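Enquirer: The structure under discussion is supplied below as structure tokens; questions concerning it will follow.
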Amino acid sequence: MKAVQVTGYGDVDKLEIVDIERPSPKANEVLVKVMACGINNTEIWMREGAYGTGSKSGWRPEGVKFPRTPGSDITGEIVEVGEAVSKTMMGRSVVLFPFTSSGEEGAEHISEDMSFIGSEYDGGYAEYVVWPADLCYEMPLTDYIQSAVFSVSGMTAWHMVEQIQPIASETILVTGANGGVGSLNVQIAAHVFGAKVIAVVGDLALGNKMKELGAAHVVSYKAENLAEEILEANGGPIDSVLDVVGDPLFDTSLHVLKKGGKFCTSGSAGGQKTELDLRTLYLKHLTFYGSVLGTREEFKRMLQAISEGKIKPVLDRTFPLSEAKEAQTYFKQSGKVGKIVLVPEEE
């Protein structure tokens with residue numbers, strides 16, 4: 001089968017298209033013919049060594065072992081089942097829950113042995129992938145590409161919003177609102193929890209799109225005085241921040257938060273290190289949340305909300321699997337709205 005492998009730490013030249021043997025499912029696994037695989041920051045940062053190199057590079061202490069097939073937002077059709085799996089799963093269209101864990105229910109994502117598909121396991125930049133049968137869920141939509149928009153980005157966004165527990169009277173600031181996680185943060189906060197959303201983007205030409213997704217106000221991080229614009233739009237301080245940008249908007253986010261406000265971060269696309277004046281933290285009684293991925297129950301709640309039409313797929317564009325280098329390069333450009341998805345070519 002055709003697959004794209006990461007051969008080591010570095011630029012996109014570390015991605016190689018190879019012909020390898022199709023995997024076979026173990027007793028409790030299924031073989032999935034990949035129909036679509038969304039691109040995430042996590043596989044790019046893994047390749048670039050942003051999480052570290054050697055023993056610090058992956059989700060497990062031993063680090064990523066190369067070569068590795070990346071890709072975690074996977075949809076496809078089950079074409080073979082292991083001997084312990086019901087034959088009724090054959091032919092099902094599924095979306096893959098993206099990690100294994102021995103953690104107790106509600107704590108799967110913080111278990112020490114959490115292992116991620118595309119990092120500790122070969123992932124979806126391939127024509128086929130094997131995965132535990134009990135981690136394959138019915139697609140929330142009938143379209144493979146649209147359903148591939150949600151699994152990692154969607155669960156990350158859903159977990160972020162659940163952590164801050166917004167209510168309808170509150171205002172949420174969403175940074176990076178045009179990205180894969182940010183565009184879902186907007187929708188979940190607005191349409192599932194009923195909060196008022198202020199979306200932060202780069203280009204105000206994206207304003208109408210953001211409002212279609214549920215934003216009440218749209219501001220640009222390029223504004224001369226962004227904090228003042230946010231406070232004016234809301235008529236005062238905001239209740240919570242959902243952040244994926246990191247350092248460039250950190251000071252602004254804390255400035256516009258009310259006393260007792262909440263700051264939740266799941267990414268740092270603009271800068272991974274920042275400075276915090278601890279007086280701001282304690283004098284404003286702020287609560288900080290670090291957030292990544294989520295639980296299986298949250299994943300199910302997200303899929304249900306998608307199937308009910310409360311959350312809609314936001315797709316920027318697709319690339320054929322053979323253009324994985326171009327797709328990852330494009331992913332890092334600014335001005336996109338939503339997800340980029342790889343699609344294996346038909347033989």
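Enquirer: Multiply the residue separation of Lys26 and Glu346 by 0.36 nm, subtract the distance between their alpha-carbon atoms, and state the gained length in nm to one decimal.
Expert: 112.6 nm
Enquirer: Here is a further query. Count neighbours as other Cβ atoms within 10 Å of each site's Cβ, and list the GluC sites (Glu not before Pro) in region 293-326 that are DSSP loop with at most 10 such neighbours.
Expert: Values: sites: Glu297, Glu298, Glu308, Glu323, Glu326; in loops: Glu308.
Qualifying residues, ordered by number: none.
Enquirer: Write down the percent of antiparallel bridges among all DSSP beta bridges whose residues are both part of the chain, to the nearest 5.
Expert: Taking every DSSP beta bridge within the chain, about 55 percent pair in antiparallel fashion.
Enquirer: Then there is this: At a Förster radius of 41 Å, what calculated FRET efficiency corresponds to the Cβ-Cβ distance of Gln304 and Ala50, to the nearest 0.05?
Expert: 0.80
Enquirer: May I pose another question? Taking all protein chains as present, what is the carbon and sulfur share of the accessible area of region 103-250, in % to the nearest whole number, probe 1.4 Å?
Expert: Looking at region 103-250 in its full context, I get 47 percent from C and S.
Enquirer: Around Arg301, under 15 Å between beta carbons, what's the net of Lys plus Arg minus Asp minus Glu among the other residues?
Expert: -4
Enquirer: Quick check for you: with a 1.4 Å probe and neighbouring chains kept, what is the accessible area per residue of region 204-335, in Å²?
Expert: Ligands and nucleic acids excluded, the result is 53 Å² per residue.
Enquirer: Could you give the length gained on full extension between Thr329 and Asp11, defined as 0.36 nm per residue of separation minus the Cα-Cα distance, in nm?
Expert: Once the chain is fully extended between Thr329 and Asp11, it gains 113.5 nm.
Enquirer: Calculated FRET efficiency, Asp19 and Gln165, Cβ-Cβ r, R0 51 Å, to nearest 0.05?
Expert: E(calc), rounded to 0.05, equals 0.55.
Enquirer: Return the single residue from Thr100, Thr75, Thr156 with maximal mean-square fluctuation; model: Gaussian network over the chain, springs between Cα atoms under 10 Å.
Expert: Thr100
Enquirer: Another question, if that's okay. Taking the full set of protein chains and a 1.4 angstrom probe, give the accessible area of Arg301 in square angstrom, rounded to the nearest 10.
Expert: 100
Enquirer: Can you work out the accessible area per residue across region 116-172, with the rest of the protein chains kept in place, probe 1.4 Å, in square angstrom? Intermediate results must be reported in sequence, preceding the final value.
Expert: On the way: 1700 Å² over 57 residues.
Normalised by residue count, the accessible surface of region 116-172 is 30 Å².
Enquirer: Going down the list Lys65/Lys325; Lys259/Lys312; Lys196/Lys262; Lys209/Lys332; Lys262/Lys332, which pairs span over 23 Å between their C-alpha atoms?
Expert: Lys259/Lys312; Lys262/Lys332
Enquirer: Next up: Just Gly267, Gly123, Gly49 to compare: in a GNM of the chain, with alpha carbon springs under 10 Å, which one fluctuates most?
Expert: So, out of Gly267, Gly123, Gly49, the one fluctuating most is Gly49.
The values are calculated or read from the model by the stated rules, or taken from the named source; none is laboratory data. Quick caveat: nothing in here was measured; it's all calculated off a predicted structure. Note: ideal-geometry Cβ built from the backbone for every residue, glycine included; neighbour counts use all protein chains shown. Surface accessibility is based on the protein's heavy atoms, side chains included, excluding ligands, DNA and RNA. Shrake-Rupley method; radii C 1.70, N 1.55, O 1.52, S 1.80 Å.
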